[in-house]
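Comments concern the structure below.
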Amino acid sequence: MKICSKCILPESFPMIRFDKNGVCNYCLDYKKIIVKGGDELEKILNKFRNQGCDFDCVVGSGGGRDSAYVIHQLVKKYKMRVLMFTYDWGLMTPEAHRNLERISKILNIKHVIIRPNAEKIKKHISINIKVWLRRPQLGMIPVFTMADKAMGVQMNKVARKYGIKLIVSGTNRYETTHFKTAFCGINETRLGGMTSAQLANIDKIKLLFFYFSQYIKNPRYINSSLVEMIKSFFYHYFANHSKDIIKIFFYDYIMWDENTVLSIIRKDLNWEAPKDTTMTWRTDDGTAAFYNYICYMVAGFTENDTFRGNQIRQGILTREEVFILLKEENKPRFESIKWYCDTIGIDFESTIKTINEISKFY
């Protein structure tokens with residue numbers, strides 16, 4: 001495959017273009033991240049610290065590394081009274097659950113967990129994966145994870161319940177995975193947003209029409225999960241923000257540094273990574289190993305490529321360093337994939353066989 005001469009994205013990446021020097025449009029459009037600094041963060045936190053209620057802020061966490069570090073820093077360095085929130089939709093990894101327990105116990109903070117009907121969610125995911133395998137379309141992979149999109153709405157409800165006016169997010173700007181909507185024909189990069197929920201309204205409508213067209217082409221998607229899929233879409237794209245609660249991104253103020261994050265959380269929080277990968281990002285989500293395997297086998301890349309590609313553009317890592325990292329990080333995580341298949345009730349071997357037989361983009 002032809003690969004960008006600056007980053008590592010291949011020609012199979014959706015909506016990719018190369019200039020005469022072989023540099024892709026994702027590199028050409030990239031704007032370097034400039035953090036606002038600790039002083040600016042302190043100014044914001046001061047407005048909410050010790051303002052009457054029992055908590056100063058809420059931080060959503062699924063047990064992942066970046067949110068764990070944010071919570072640690074807010075408690076230890078910034079002396080904030082943090083409420084940790086988790087939306088446990090049934091497919092968080094065992095390591096994630098153990099990490100959440102450690103964070104809560106070691107930092108002595110309250111942990112609120114919302115658990116929807118996990119068995120119902122697993123059933124719906126199982127149905128839709130089987131439907132997807134009949135007519136694979138990479139733009140439809142988000143139907144595997146749509147059930148977790150209510151997290152933002154539920155976190156806002158918890159914040160209001162406890163009188164909290166500040167949400168601090170642990171998402172950082174290297175995590176952009178624009179290919180997920182690019183597979184649907186939508187160019188996210190021009191918007192400068194961090195998540196798909198920040199799409200322009202016209203693109204949200206285009207996305208809705210894309211899903212509608214896929215449901216028409218593959219009518220088996222019209223099943224018992226349909227109502228929940230519609231609700232999840234609305235939650236994620238239209239009802240995920242609350243005007244009476246301020247939301248900030250911690251890593252917009254403090255530069256994200258992988259080595260620092262991992263060093264602190266491993267030392268102070270005994271943070272646990274999965275055993276079947278060297279990657280420590282997105283390992284709290286049991287679905288990630290599954291959809292990354294699909295992307296790798298069909299399109300020749302994973303979301304790790306987009307994550308590491310942004311670090312090349314930022315000047316954090318060299319192209320050569322990223323090639324070495326991805327050689328390990330993109331290895332199929334069969335142990336995690338089997339856990340995922342067993343959890344939602346689909347056959348591991350036949351599923352892998354079907355994925356391997358899907359027509360390649362390269």
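The values are calculated or read from the model by the stated rules, or taken from the named source; none is laboratory data. Keep in mind it's a predicted model, so treat the numbers as computed, not measured. Cβ: placed from backbone, ideal geometry, glycine included. Neighbour counts: every protein chain shown.
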Suppose the filter is among the aliphatic types (A, V, I, L, M) and within 17 Å of the chain's Cα centre (by Cα); does ALA288 pass it? yes
LEU199 passes all but one of the listed conditions (1) of a type outside the set (Gly, Ala, Ser); (2) over 19 Å from the mean Cα position of the chain (by Cα); (3) at pLDDT below 90; the exception is number (2)
Considering the stretch 216-235, residues that are of a type in the set (Ser, Thr, Tyr) and buried (at least 18 other Cβ atoms within 10 Å of the Cβ), and then whichever is modelled with the lowest pLDDT, we arrive at TYR235
Within the stretch 312-345, residues being closer than 15 Å to ILE129 by Cβ and surrounded by fewer than 18 Cβ atoms within 10 Å (Cβ to Cβ) number 4
Requiring at least 1 residues that are surrounded by fewer than 22 Cβ atoms within 10 Å (Cβ to Cβ) and in contact with a His (Cβ under 8 Å, 6 or more places away or on another chain), the helices (runs of 4 or more DSSP H) wholly within the stretch 56-147 are 94-107
Taking the stretch 227-263 and keeping only residues that are part of a helix (DSSP H, G or I), within 15 Å of SER67 (Cβ to Cβ) and in contact with a Lys or Arg (Cβ under 9 Å, 6 or more places away or on another chain), one is left with TYR251, ASP252, GLU258, VAL261, LEU262
request  = Could you tell me whether the stretch 123-135 includes any residue that is at pLDDT 95 or above, within 20 Å of the chain's Cα centre (by Cα), aliphatic (A, V, I, L, M) and closer than 16 Å to GLN154 by Cβ?
outcome  = no
Note on the stretch 261-291: residues in contact (Cβ under 8 Å) with a residue 40 or more places away in the chain and among the polar types (S, T, N, Q) are ASN270, THR277, THR278, THR280, THR283, THR287
Taking the stretch 306-351 and the residues there that are of a type outside the set (Phe, Trp, Tyr), outside any loop (DSSP other than H, G, I, E, B) and without any contact (Cβ under 8 Å) to a residue 24 or more places away in the chain, the one that is nearest to ALA182 (Cα to Cα) would be LYS327
Query raised in the report: Scanning for something among the polar types (S, T, N, Q) and either in contact with a helix residue (DSSP H, G or I) (Cβ under 6 Å, 6 or more places away or on another chain) or under 30 Å from GLY185 (Cβ atoms) (or both), does the stretch 248-259 turn up at least one residue?
Result: no
If we ask which residues in the stretch 161-182 are in contact with a Ser or Thr (Cβ under 8 Å, 6 or more places away or on another chain), part of a helix (DSSP H, G or I) and of a type outside the set (S, T, N, Q), their number turns out to be 2
For the stretch 2-36 the number of residues that are at positive phi and touching a strand residue (DSSP E or B) at 6+ places or on another chain (Cβ under 9 Å) is 1
Exactly one of GLU303, GLU320, GLU272 is within 17 Å of the chain's Cα centre (by Cα) and of a type outside the set (Gly, Ala, Ser), and that one is GLU303
The one condition TYR362 fails out of (1) assigned to a loop (DSSP other than H, G, I, E, B); (2) out of contact with any Gly (no Cβ under 6 Å at 6 or more places or on another chain) is (2)
Going through the stretch 243-272 in order, the residues found to be farther than 15 Å from ASN172 by Cβ and surrounded by fewer than 17 Cβ atoms within 10 Å (Cβ to Cβ) are LYS243, ASP244, ILE245, ILE246, SER263, ARG266, LYS267, ASP268, ASN270
VAL298: passes all of (1) among the β-branched types (Val, Ile, Thr); (2) under 24 Å from TYR30 (Cβ atoms); (3) assigned to a helix (DSSP H, G or I); (4) more than 20 Å from the chain's Cα centre (by Cα) but (2)
Here the qualifying pairs (Cβ atoms under 7 Å; residues six or more apart or on different chains; first in the stretch 63-74 and farther than 9 Å from TRP271 by Cβ; second in a helix (DSSP H, G or I) and charged (D, E, K, R)) come out as HIS72/ASP268
Among LYS267, LYS275, the single one that is at pLDDT below 95 and more than 17 Å from LEU91 (Cα to Cα) is LYS275
Has the stretch 11-33 got any residue that is more than 27 Å from GLY185 (Cβ to Cβ), modelled with pLDDT of 95 or more, of a type in the set (Gly, Ala, Ser) and within 25 Å of the chain's Cα centre (by Cα)? no
In the stretch 7-35, residues that are in a loop (DSSP other than H, G, I, E, B) and surrounded by 14 or more Cβ atoms within 10 Å (Cβ to Cβ) total 13
Those residues of the stretch 277-287 which are of a type in the set (D, E, K, R) and either surrounded by fewer than 17 Cβ atoms within 10 Å (Cβ to Cβ) or closer than 15 Å to ARG102 by Cβ (or both) amount to ASP284
